[in-house]
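A.B. asks: This structure is in structure tokens; I'll ask about it shortly.
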Amino acid sequence: MGMPLEKSPVSAASGRVVDLADQCVQCGLCLPVCPTYALDRNEAESPRGRIAIAAALARGQVSPSASLREHLDHCLGCLNCEKACPANVQYGELLIETRALLGPAPQRPRLLLNLIGRPVWIRRLRRAGRWIAFHRWKNWLARRLPKHSAWRAALLVMPSEDPAAPVRAGRNPAEKPTLALFPGCVASVDDAQAQQAALTLLQAAGFDVAILPAFCCGAMDLHGGATEAAEQAAQRVQQAWTASGASQLICVTPGCLGTLRRALPDVSVADPLQLLAAHAGQLRFRPLEQRIALHLPCTQINVARSDGALLQLLRRVPGLEVMSLPRPPYCCGAAGSHLLEFPERAARLRDDTLRQAAALEPQQLLSSNIGCRLHLAAGMEEQALHWPHRHPLTLLAEQLDCDPSIRENRLSDH
């Protein structure tokens, strides 16, 4: 890991990282469930190895060289290791704290991340792209950029179709709504249908829902070591939440939930699937004779922990054959900005996931996380796998058998 230095830029690191690292008993039970260890078979690419690196950095025993920090930056933050850990190491917290000590990586695509965190800009650019038929030549342009280019990866995952209109309440919520829906940034553009579907389903189950403004929760900054920007995003979340007057916050994107919970530690922040499953008796679904492959994002399993609720709801659709993709150590490789910062590694992980999906011979693919779904869709296009892909909430809303007054929010009318 390098020779100890008398003075390191991280020699004054907080004891918090050291305390978290010291919880690790070095048992190695995390290795079999770690996607990056499965990819490289390198101890430094495992949770145990990264904990040792973080501890050494925090104690000032090693210098934060580019090669050393790369092992930390390769981490997907999937948190499979936390579920396997007998010592209850808070690995996710350790990773955030260590990256904050190091600061953003020099190669981090700041301009690109700044752009995709602003939904208004995304919609304007997509509108301009429609005028010049950008979808016809974006892949041609992307493939002329280097394979390691973040801009190449961004072009390949950009959907060709026009985004849906932003989610709207459809009916006036109560003066003090039960729920507030957080739209996010990319999700507010490319998962607007899923957000409208959540609204339809929740209203059918008897909930009043308010819609917060669309902006970035700060997840990519938080996990990228950009502490100041992450704190500013957290303050914006707090302000929007306070103004909503709701009693519970929901988000259809599992990848945002951990960051929202961090910003609002005293607030109940949930995946709407959990609320819908708890009120499943109030929902009826029309039959659908179809075989689907269900991709369960790491954050849905390990952060939202709503995978059971999702399966419960899908199994209520008569005729629907639900086949879940294999669990750890598999990860699609999207992992927030990972697909932009390390596109070649992300593609290797994605292709493994798609091979698993292809073996199931599905008629469509469902995934709850917009980053995962766009990443998988780019791989599907590359491999000529012509499965429709969407958020599970979209399918559930389309199959909802409900009163016509609720159907006004159905996606077909959106």
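The values are calculated or read from the model by the stated rules, or taken from the named source; none is laboratory data. Because the structure is predicted, anything quoted here is derived from the model rather than measured. All accessible areas refer to the heavy atoms of the entire protein, side chains included, with ligands and DNA or RNA removed. Shrake-Rupley method; radii C 1.70, N 1.55, O 1.52, S 1.80 Å.
A.B. asks: Hey, what number do you get for the chain at 222 nm if only DSSP H runs of n ≥ 4 count, each worth -39500 (n - 2.57), divided across all residues, to the nearest 500? Write down the numbers at each step before the final one.
C.D. replies: On the way: 22 runs with 196 residues, N = 414.
One gets -13500 deg cm²/dmol as the mean residue ellipticity at 222 nm.
A.B. asks: Hey, another quick one. In the chain, what is the volume of the convex hull around the alpha carbon atoms, normalised per residue and reported in Å³? Numbers along the way, then the final one.
C.D. replies: On the way: hull volume 57.7 nm³, N = 414.
So the per-residue Cα hull volume is 139 Å³.
A.B. asks: Sticking with this structure for a sec: Starting at the first residue of region 94-106, write each ³J(HN,Hα) from the Karplus equation 6.51 cos²θ - 1.76 cosθ + 1.60 with θ = phi - 60°, in whole Hz, x for Gly and Pro.
C.D. replies: My calculation for region 94-106 gives 4, 5, 4, 5, 5, 5, 5, 5, 7, x, x, 5, x Hz in order.
A.B. asks: Next question. If I take all pairs of Cα atoms in region 254-360, what percentage of them are more than 22 Å from each other?
C.D. replies: On the way: 2507 of 5671 pairs.
Taking all Cα-Cα pairs of region 254-360, the fraction more than 22 Å apart is 44 percent.
A.B. asks: With axes computed from alpha carbons, what is the tilt in degrees of helix 370-382 against the longest principal axis of the chain, rounded to the nearest 10 within 0 to 90?
C.D. replies: That works out to roughly 90 degrees.
A.B. asks: Once you wrap a convex hull around the alpha carbon atoms of region 113-197, what is its projected area averaged over all directions, in nm²? Write out the running numbers ahead of the final one.
C.D. replies: Working: hull surface 27.8 nm².
Average projection, Cα convex hull of region 113-197: 7.0 nm².
A.B. asks: Need the C-alpha centroid separation for region 86-148 versus region 262-296, integer Å.
C.D. replies: If we compute the Cα centre of each part, the gap is 27 Å.
A.B. asks: Quick one: how many Å² of residue 355 are accessible to a 1.4 Å probe, rounded to 10?
C.D. replies: Its accessible surface works out to 140 Å², give or take rounding.
A.B. asks: A further question on this structure: Relative contact order of region 142-249: what whole-number percent is it, with Cα pairs under 8 angstrom and at least 6 residues apart?
C.D. replies: In percent, rounded to a whole number, it is 29.
A.B. asks: Just need the relative contact order of the chain here, percent rounded to a whole number, with Cα pairs under 8 Å and 6+ apart. Mind dumping the intermediate values first?
C.D. replies: Numbers: 743 pairs, mean separation 69.0, N = 414.
Dividing the mean separation by the residue count of the chain yields 17 percent.
A.B. asks: If I take every Cα pair under 8 Å that is 6 or more residues apart in region 1-145, average their sequence separation and divide by the length, what percent do I get for the relative contact order? Numbers along the way, then the final one.
C.D. replies: Details: 151 pairs, mean separation 39.8, N = 145.
Relative contact order for region 1-145 comes out at 27 percent.
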